[in-house]
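*Asks:* This is the structure I want to talk about, given as structure tokens.
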Amino acid sequence: MKRRHLLLSLAGAIALPASAGARAMRLGDIAIAQAWALPVRVSRDGQAFVTLTNTGTEPEELVAARSSVCGPIELRRNSRYDDPPLVSFVLAPREALEMKPAARHLRLMGLVEPLRAGQRLAIILDFLNAGEIEVVFDVRDGA
């Protein structure tokens with residue numbers, strides 16, 4: 001399996017100020033945009049969102065995610081946490097998969113500290129065929 005890594009230098013796990021918006025990135029046929037997370041003040045779990053577009057002609061899957069700012073990251077179809085997490089997000093050819101609150105998202109479990117608006121956090125996304133990429137998510141209120 002071919003792996004490609006984009007490494008970003010972060011001064012602390014989530015201590016960087018947020019920029020005006022997340023930059024678009026590519027990993028093979030996968031376009032990655034609009035990476036953001038909701039602030040978390042009390043709970044030890046958070047939610048992160050990103051838009052993934054498969055520009056290729058073959059299906060792709062997001063099979064895992066990980067970060068140093070939390071424990072496990074679950075792939076969720078909605079906010080009903082009594083349902084089991086998904087095994088993957090399937091990315092159909094030439095289609096976008098948009099994550100948003102109360103719908104598909106990354107559930108960040110066991111945060112090591114609260115997430116505050118204006119911070120940034122790095123999450124490594126692992127795709128079945130394309131490999132891994134580190135993406136910086138801006139922490140901000142609302143959609």
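*Asks:* Would it be correct to say that Gly28 is over 21 Å from Gly142 (Cβ atoms) and either in contact with a Gly (Cβ under 9 Å, 6 or more places away or on another chain) or modelled with pLDDT under 95 (or both)?
*Replies:* Working: over 21 Å from Gly142 (Cβ atoms): yes; either in contact with a Gly (Cβ under 9 Å, 6 or more places away or on another chain) or modelled with pLDDT under 95 (or both): yes.
For Gly28, the condition - over 21 Å from Gly142 (Cβ atoms) and either in contact with a Gly (Cβ under 9 Å, 6 or more places away or on another chain) or modelled with pLDDT under 95 (or both) - is met.
*Asks:* Can you say whether Arg107 is over 20 Å from Ala24 (Cα atoms), in a strand (DSSP E or B) and not hydrophobic (A, V, I, L, M, F, W, C), as far as the supplied structure shows? If you could, list the steps in order and put the result at the bottom.
*Replies:* Values: over 20 Å from Ala24 (Cα atoms): yes; in a strand (DSSP E or B): yes; not hydrophobic (A, V, I, L, M, F, W, C): yes.
In short, yes.
*Asks:* If I filter the stretch 115-127 for residues that are over 21 Å from Ala31 (Cβ atoms) and surrounded by 15 or more Cβ atoms within 10 Å (Cβ to Cβ), do I get at least one hit?
*Replies:* yes
*Asks:* Counting only residues that are on the phi < 0 side of the Ramachandran plot and part of a strand (DSSP E or B), which one in the stretch 34-45 is surrounded by the fewest Cβ atoms within 10 Å (Cβ to Cβ)? Working first, answer last.
*Replies:* Let us first name the residues in the stretch 34-45 that are on the phi < 0 side of the Ramachandran plot, namely 35-45.
When the remaining residues are screened for being part of a strand (DSSP E or B), the result is 35-37, 40.
Numbers: Ala35: 26, Trp36: 23, Ala37: 26, Val40: 18.
Going through the qualifying residues, I end up with Val40.
*Asks:* Can you give me the number of residues within the stretch 105-139 that are more than 14 Å from the chain's Cα centre (by Cα) and of a type outside the set (S, T, N, Q)?
*Replies:* Looking only at the stretch 105-139, we keep the residues that are more than 14 Å from the chain's Cα centre (by Cα), and these are 110-119, 128-131.
When the remaining residues are screened for being of a type outside the set (S, T, N, Q), the result is 110-118, 128, 130-131.
The total comes to 12.
The values are calculated or read from the model by the stated rules, or taken from the named source; none is laboratory data. Remember, it's a predicted structure, so these values are computed and weren't measured experimentally. Glycine also receives a Cβ, built like all others from the backbone with ideal geometry; neighbour counts cover every protein chain displayed.
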